[in-house]
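The values are calculated or read from the model by the stated rules, or taken from the named source; none is laboratory data. Since we're looking at a predicted model, the values are computed, not measured. Methodologically, a virtual Cβ is constructed for each residue, glycine included, from the backbone with ideal geometry; neighbour enumeration extends over all protein chains shown. These accessible areas exclude ligands, DNA and RNA; they are computed on the full protein's heavy atoms, side chains included. Shrake-Rupley method; radii C 1.70, N 1.55, O 1.52, S 1.80 Å.
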Amino acid sequence: RIATVNLHRRIFGVGFKKRAPRAVTEIKKFAQKLMHTEDVRIDIGLNKYVWSKGIRNVPYRVRVRLSKKRQENEDAANKFYTLVTHEPIAGSFKGLQTVTVAE
């Protein structure tokens, strides 16, 4: 799935030195809720985008691609994990919906 996460409303009222770390946590929470998996992994590119303006000035919104994958090792606690990657957009976020993409 491709979805837009409104980080602005999720980190409103959070202190300056905790904003970017909280944003990463909130993206993980969003992915858990949407994809129904406990294990969520954030891609390096997405992490760099969240931290691109520093610890205090987190981007207001981020477009993400959520893909559910099967665990490599068989004896893992959870069968599936969600990989969250950054989906760059051209222009504004207005009118973008959550899209289910067949992979």
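Remark: for residue pairs Lys33/Lys79; Lys69/Lys94; Lys18/Lys79; Lys18/Lys53; Lys53/Lys94, the C-alpha separation exceeds 24 Å in Lys69/Lys94; Lys18/Lys79. Comparing Ser67, Ser52, Ser92 in a Gaussian network model of the chain where C-alpha atoms under 10 Å apart are linked, the largest mean-square fluctuation is found at Ser92.
Full extension of the chain between Asn73 and Arg22 yields a length gain of 15.4 nm, computed as 0.36 nm times the residue separation minus the alpha carbon distance. Once the Cα atoms are used to define both axes, helix 19-35 deviates from the longest principal axis of the chain by about 40 degrees. Which residue, chosen from Ile27, Thr4, Pro59, occupies the Cα position most advanced towards the positive end of the dipole of the chain, where the dipole is computed from +1 (Lys, Arg) and -1 (Asp, Glu) charges on Cβ about the Cα centre? The residue sitting farthest along the positive end of the dipole is Pro59. Rounded to the nearest 500, what is the 222 nm mean residue ellipticity of the chain from helices alone, with -39500 (n - 2.57) per DSSP H run of 4+ residues and division by all residues? Value at 222 nm, helices only: -8000 deg cm²/dmol. How many percent of Cα pairs in segment 25-65 exceed 11 Å? Of the Cα pairs, 68 percent sit more than 11 Å apart.
When +1 charges are put on Lys and Arg Cβ atoms and -1 charges on Asp and Glu Cβ atoms, the dipole computed for the chain relative to its Cα centre reaches about 680 debye. The fraction of accessible area contributed by carbon and sulfur in the chain is 50 percent, rounded to a whole number (1.4 Å probe; ligands and nucleic acids excluded). Of the labelled figures [x] 2, 9, 6, 6, 5, 6, 5, 5, 5, 5, 5, 4, 4, 4, 4, 4, 3, 3, 3, 2, 2, 2, 2, 1, 1, 1, 1, 0, 0, 0; [y] 2, 12, 22, 23, 19, 12, 6, 3, 1; [z] 2, 12, 21, 21, 20, 15, 7, 2, 1, 0, only one reflects P(r) over Cα pairs in 5 Å bins from 0, in percent as derived from the coordinates, namely [y].
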